[in-house]
Every structure is written in structure tokens, then in C-alpha cells.
Amino acid sequence: MAGVIRFGISLEEHLLKDFDRLIKEKKYSNRSEAIRDLIRDSLVKEEWKKGKEVAGAISIVYDHHKRELMDVIVDIQHDYQDMIVASQHAHLDHHNCLEVIIVKGKSDKIKVLADKLRAVKGVKHGSLTLTTLGKEL
Ligand code: NI
């Protein structure tokens, strides 16, 4: 790894024990990689809070028999087509569909889009997973 700096961390023994137990459960091979991920996670969350360009996935589950609902969902997606990178539709059973919409853009705009889709009458569940474009990590 280029430009890697080693530094020491002081912390209470019980915290270290708990941390070691946690990273073992999460399958980390060493503390450094676990700490790197914690730092990256904090930096990514800061990107979301500051309204930076991020990537994300919006998942919605709905009953496709409600025809008007599908029209509304498609209309909303067309309004935000500049942010939508791709979408995938899966038929879960005879009634239920899962749609995953991959988005890229300002985090606050992505949240508005996710809220609009979730709020459509008939959408049974919606979730937003935000991540990073990875450029600054
Ligand atoms: Ni379907």
C-alpha cells in the first residue's frame, strides 16, 4: 500500500476486548482493516450529510396488480432520470414485485426520490441504501 502510515491507539482494555470480539464476528483478519473500514464508514456518512455526490440503491416492494401505482412509480422515475443509472425488476410471486433502482447524484436529492417512491400509495416497503462513489477513499 502506498503512503501507509502506522500509528498507535490508546483505549480501555474492555473496549479492546469488545472490539476484538466484534471484528472476529465480522470476519476481519486484523484490527487495521477493521479500523480502516470504520474510518471509511464515517467519511462516507459525512458525504451523505453534506449533500455530496454519492451512489445508492432504492428498493421498493409493491403489488403490480394496482395499475395506477405502477404508472406513478414510472412517472417519478422519469422525473429523476438524470440520477437513475439502472433499475431491475423482479417478480417475487404472483402479486409482489421488487424493484431496485440504482442512483447517482447529490445525497439530498436521492433522499427526496426515495421518500417519493416510498410514499406512493400501495408501496408495501421501501428502503434506501446509500454508499459512496469511492473517489475520495
Ligand atoms: Ni413484477
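The values are calculated or read from the model by the stated rules, or taken from the named source; none is laboratory data. Everything numeric here is computed off the predicted structure, so don't read it as measured data. All Cβ positions, even for glycine, are placed from backbone atoms using ideal geometry, and neighbour counts span all protein chains on display. Note: accessible area is taken over every heavy atom of the protein model, side chains too, but ligands, DNA and RNA are not part of it. Shrake-Rupley method; radii C 1.70, N 1.55, O 1.52, S 1.80 Å.
Being more than 12 Å from the ligand (Cβ to nearest atom), charged (D, E, K, R) and either under 20 Å from GLY134 (Cβ atoms) or at pLDDT 95 or above (or both), is that true of even one residue in segment 87-94?
Scanning segment 87-94 turns up no residue that is more than 12 Å from the ligand (Cβ to nearest atom), charged (D, E, K, R) and either under 20 Å from GLY134 (Cβ atoms) or at pLDDT 95 or above (or both).
In the list ASP75, ASP79, which residue meets the criterion of being touching a helix residue (DSSP H, G or I) at 6+ places or on another chain (Cβ under 9 Å), without any contact (Cβ under 8 Å) to a residue 40 or more places away in the chain and more than 16 Å from the ligand (Cβ to nearest atom)? Walk me through how you get there before you give the answer.
Working: ASP75 fails: touching a helix residue (DSSP H, G or I) at 6+ places or on another chain (Cβ under 9 Å).
Criteria check complete, one pass: ASP79.
Restricting segment 54-98 to residues that are of a type in the set (Val, Ile, Thr) and not in a strand (DSSP E or B), which is surrounded by the fewest Cβ atoms within 10 Å (Cβ to Cβ)?
Going residue by residue through segment 54-98, those that are of a type in the set (Val, Ile, Thr) are 54, 58, 60-61, 72-74, 76, 84-85.
From what's left, not in a strand (DSSP E or B): 72-74, 76.
Values: VAL72: 19, ILE73: 22, VAL74: 10, ILE76: 16.
So, considering only residues that are of a type in the set (Val, Ile, Thr) and not in a strand (DSSP E or B), the one surrounded by the fewest Cβ atoms within 10 Å (Cβ to Cβ) is VAL74.
What are the residue pairs meeting all of these: first residue in segment 34-50, first residue open to solvent by 80 Å² or more (accessible area, probe 1.4 Å), second residue assigned to a loop (DSSP other than H, G, I, E, B), Cβ atoms under 6 Å, and 6 or more apart or on different chains?
Partner pairs satisfying both residue conditions: ARG40/LEU137.
Name the residue that is nearest to ALA55 (Cα to Cα), counting only residues in segment 99-137 that are among the polar types (S, T, N, Q) and surrounded by fewer than 16 Cβ atoms within 10 Å (Cβ to Cβ). Let's see the steps before the verdict.
Narrowing segment 99-137 to residues among the polar types (S, T, N, Q): 107, 127, 129, 131-132.
Retained after the next criterion (residues that are surrounded by fewer than 16 Cβ atoms within 10 Å (Cβ to Cβ)): 127, 129, 131.
Numbers: SER127: 14, THR129: 9, THR131: 5 Å.
Taking the candidates together, the pick is THR131.
Can you tell me which residues in segment 99-137 are in a loop (DSSP other than H, G, I, E, B), on the phi > 0 side of the Ramachandran plot and away from the ligand (no atom under 16 Å from the Cβ)?
So in segment 99-137, the residues in a loop (DSSP other than H, G, I, E, B) come out as 120-122, 132-137.
Subsequent filtering for residues that are on the phi > 0 side of the Ramachandran plot retains 122, 134.
Hit for segment 99-137 is GLY134, nothing else.
Please enumerate the residues belonging to segment 112-137 that are without any contact (Cβ under 8 Å) to a residue 24 or more places away in the chain and of a type in the set (Asp, Glu).
Residue satisfying the conditions is ASP115 alone.
Would you point out the residue of segment 13-33, among those that are open to solvent by 100 Å² or more (accessible area, probe 1.4 Å) and among the acidic types (Asp, Glu), that is farthest from the chain's Cα centre (by Cα)?
Only one residue fits best here, namely GLU13.
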